[in-house]
Amino acid sequence: MTKHKRTQYRVLGLVSLSLIIAAATYGFAQANTISGVSGMGAGYGVKSSYEVSKVSYTLDLEDPSTFTAVDFVLEQEGSAIIVGVSASKKGEITWTDDCEKIGTQWTCSFDQSIDVLAADWLHVTSAQ
């Protein structure tokens with residue numbers, strides 16, 4: 001075998017190995033994504049019978065470690081909802097029904113500021 005052919009095989013082997021590593025890395029990254037709002041990470045998310053997306057929190061201007069409101073989009077039609085936040089999926093929930101709707105965008109304000117660290121879960125349900 002000539003030196004030129006060995007070099008070609010080495011380059012081809014390195015390119016193949018690089019492609020395999022890239023594909024495995026991409027697959028691993030895709031497996032770790034969480035759909036919808038729960039992209040906040042493991043243990044965080046939304047508990048709702050609605051499809052909720054584009055969640056954002058309004059931080060308190062005086063204390064940015066707390067928030068006063070939450071904005072989100074509901075994919076289904078909802079006429080009256082209540083929203084709550086909790087530190088865990090089944091933890092104690094702080095609820096509010098002070099919600100305004102513009103199209104599919106909802107803004108819900110809380111009576112008091114909520115600690116950001118105590119709001120790992122967002123609960124959205126219909127008001128009945």
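No value in this document is a laboratory result; all are computed from the given coordinates. A quick note: this is a predicted structure, and the numbers were derived from the prediction, not measured. Cβ atoms come from the backbone with ideal geometry, glycine included; neighbour counts cover every protein chain shown.
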How many nm separate the modelled label positions at THR125 and GLU62, each set 7 Å beyond the Cα in the direction of the Cβ?
3.2
Between SER79 and SER53, how many nm apart are label points set 7 Å from Cα along the C-beta direction?
2.5
Starting from the Cα of LYS90, draw a straight line to each of the aspartates and glutamates and keep only those under 12 Å, dropping any in the same chain fewer than 8 residues away.
ASP120
Using a basic spin-label model with each label point 7 Å from the Cα along Cα→Cβ, how many nm lie between LYS89 and TYR9?
5.3
